[in-house]
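Contents: one structure, followed by commentary.
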Amino acid sequence: MKIQTARGTQVFYGQPAYIYEHILTTFQNLSQNFGFAPMATPIFESSAVFSRGLGESSDIVSKEMYSFNDRNGDSFTLRPEGTAGIARAYAADGLSQHSPFKVYYHGPMFRYERPQKGRYRQFHQLGVENIGITSYFSDLEVIDLGYQFLGDLGLAKNCVLSINSIGDEESRRQFKEKFVSYLKNYESELSEDSQKRLKINPLRIFDSKSEGDQKILEGAPRLTDSLNESSREFRDHIFNGLEKLGIPYQSASGLVRGLDYYSHEVFEFITKDLGAQGTVLAGGRYDHLVEQLGGPKASGVGFAAGIERLSLLLEDQFKEAHLDFMVIPVHQDLEMDAFALTEDLRKSGFKLFSHFSGNLSKRMKKANSQNLKAAILLGPDEFKQGKCQLKVFATGEQSEVSLKDLKVTLSKLIK
Ligand code: ATP
Ligand code: MG
């Protein structure tokens, strides 16, 4: 009996796996250039890390978590995102002594969602966090890193940076009063979810995907109008900074982001090419997360990007990194010599394909299908005389090359 993958999970092989690696190395290189250090947290954590960290009213905690009791009866959750685990480690594992605390991470995340293109139950994120610094420069640095990352992937032009200021707590408190009293007039027309949100966490209503709710929101008071002076200043610094850096942005007054812990600037890089799954990279500043998890008062700023969504955008243009050469023994007796020559060339930095079965013509076909530059053929008599045949695929030419000149000849071919 064949067994299928679980709903909303996928296997990566071939082009998608190459794209995944390409996205990751691009991200790792850039993050390190920005002074972010690699970090990995457990894939499952005590459920409280997320329920306390992300807030009970968030979509993730209220309906998307993969939680289970282990054999000891303790409740654990497969991580639905990366920030809470990093904040937990910062709070409880003695990491708060590091300043600046700038880290990047990547790996699988789990959410019980309705699977569709760009939305899975196991998906993969990469992200950065800078915890312990309140300066708006750390927000600017994080946004700039996100923008350059998309640029390095060739995707900056497909994405628009949407940014909103949700202000500090005082601003949000003032806003909430006005907002709730406006929404009370429409309470019965709101979607069921939003009626609940109105009681628990009204700001979350901005996140609603219901068209009816969005209509009602059109006439609602705007957060921007309730910002106190320091929140307005913070926002102005960010906007001025973005202009100085030449990062195009749109101010989006309805953007609040799905989690409870955000404050001041929240942002998303959105593409039109993925329909409702258009947000590829998103983040913002968060205030109480570290404290919620038992740590010191420390705010942070970070982003996370969905690797599958980035992959979908790269599908059409991506070319696999390919190999250049293959050594083929003309006779079985030279199999070990061909193998040793392959290893020797690899040690010198050449990229070689290898395949250990089939006769000469089968292996030539294989070499051709790999888009290699050339095949190096080892025949018994020539090999004894320190020579080989080089078949260059682009021209179809085959010529004799002495083994001691081989590396120089190959170098010329890959120039
Ligand atoms: P959405 O509104 O699309 O559900 P979100 O607000 O839940 O997104 P975040 O929690 O901010 O998403 O996660 C950051 C990024 O991770 C998203 O912008 C997206 O690129 C990616 N992402 C989130 N959920 C999924 C998923 N189920 N499948 C694939 N990628 C996802
Ligand atoms: Mg979601």
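The values are calculated or read from the model by the stated rules, or taken from the named source; none is laboratory data. Note that the structure is predicted; figures quoted are calculated from it, not measured. A quick note on method: Cβ atoms are made from the backbone with ideal geometry, for glycine too, and the neighbour counts reach across all protein chains shown.
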Next item on the list: Take segment 312-335 and flag every residue that is farther than 30 Å from K384 by Cβ and either among the hydroxyl-bearing types (S, T, Y) or modelled with pLDDT under 95 (or both).
Entry: E315, D316, Q317, F318, K319, E320, A321, H322
Margin query: Being within 16 Å of ligand 1 (Cβ to nearest atom) and either surrounded by fewer than 20 Cβ atoms within 10 Å (Cβ to Cβ) or of a type outside the set (F, W, Y) (or both) is true for just one of T83, T134. Which residue is that?
Written below: T83
Margin query: Can you go through L323, L255 and tell me which one is part of a loop (DSSP other than H, G, I, E, B) and within 16 Å of ligand 2 (Cβ to nearest atom)?
Written below: L255
Checklist line | Only listed residue being within 16 Å of L341 (Cα to Cα) and not in a helix (DSSP H, G or I), chosen from L377, L410, L372 | finding: L377
Next item on the list: Evaluate segment 27-40: report whether one residue or more is assigned to a strand (DSSP E or B), hydroxyl-bearing (S, T, Y) and in the same structural domain as S299 (by TED's automatic domain parsing).
Entry: no
Check: In the list E21, E45, which residue meets the criterion of being more than 30 Å from I205 (Cα to Cα) and of a type in the set (D, E, K, R)?
Finding: E21
Next item on the list: Residue by residue through segment 52-82, note down the ones that are in contact (Cβ under 8 Å) with a residue 24 or more places away in the chain, within 14 Å of ligand 2 (Cβ to nearest atom) and assigned to a helix (DSSP H, G or I).
Entry: L54, D59, I60, K63, E64
Next item on the list: Name the single residue, out of those in segment 137-160 being closer than 13 Å to F267 by Cα and within 13 Å of ligand 1 (Cβ to nearest atom), that is modelled with the lowest pLDDT.
Entry: C159
Check: When you scan segment 59-85, how many residues do you find that are touching a Leu at 6+ places or on another chain (Cβ under 9 Å) and under 29 Å from A37 (Cβ atoms)?
Finding: 9
Note to self: Going through A17, A91 one at a time, which residue ends up being over 25 Å from P115 (Cβ atoms) and either hydrophobic (A, V, I, L, M, F, W, C) or within 16 Å of ligand 2 (Cβ to nearest atom) (or both)?
What the structure shows: A91
Item checked: Scan of segment 94-110 for residues that are within 16 Å of ligand 2 (Cβ to nearest atom) and in contact with a Leu (Cβ under 6 Å, 6 or more places away or on another chain), ordered by number -> F110
Item checked: Hits in segment 211-240 (condition: touching a helix residue (DSSP H, G or I) at 6+ places or on another chain (Cβ under 7 Å) and farther than 16 Å from E265 by Cβ) -> G212, D213, I216, L217, A220, P221
Next item on the list: Among the numbered conditions (1) within 16 Å of ligand 1 (Cβ to nearest atom); (2) closer than 14 Å to R172 by Cα; (3) among the aliphatic types (A, V, I, L, M), tell me where L289 comes up short.
Entry: (2)
Next item on the list: Would you mind finding the one in I247, I216 that is under 18 Å from S181 (Cα atoms), in contact (Cβ under 8 Å) with a residue 24 or more places away in the chain, hydrophobic (A, V, I, L, M, F, W, C) and in contact with an Asp or Glu (Cβ under 8 Å, 6 or more places away or on another chain)?
Entry: I216
Next item on the list: Might you let me know whether segment 261-275 holds any residue that is buried (at least 21 other Cβ atoms within 10 Å of the Cβ), within 16 Å of ligand 2 (Cβ to nearest atom) and in a loop (DSSP other than H, G, I, E, B)?
Entry: yes
Margin query: Checking I60 against (1) more than 13 Å from F110 (Cα to Cα); (2) within 16 Å of ligand 1 (Cβ to nearest atom), only one condition comes out false. Which one?
Written below: (1)
Checklist line | Number of the condition not met by K117 [criteria: (1) surrounded by 15 or more Cβ atoms within 10 Å (Cβ to Cβ); (2) closer than 26 Å to L281 by Cβ] | finding: (1)
Margin query: I'd like to verify a number: residues in segment 111-135 that are within 12 Å of ligand 2 (Cβ to nearest atom) and in contact with a Leu (Cβ under 8 Å, 6 or more places away or on another chain), how many?
Written below: 1
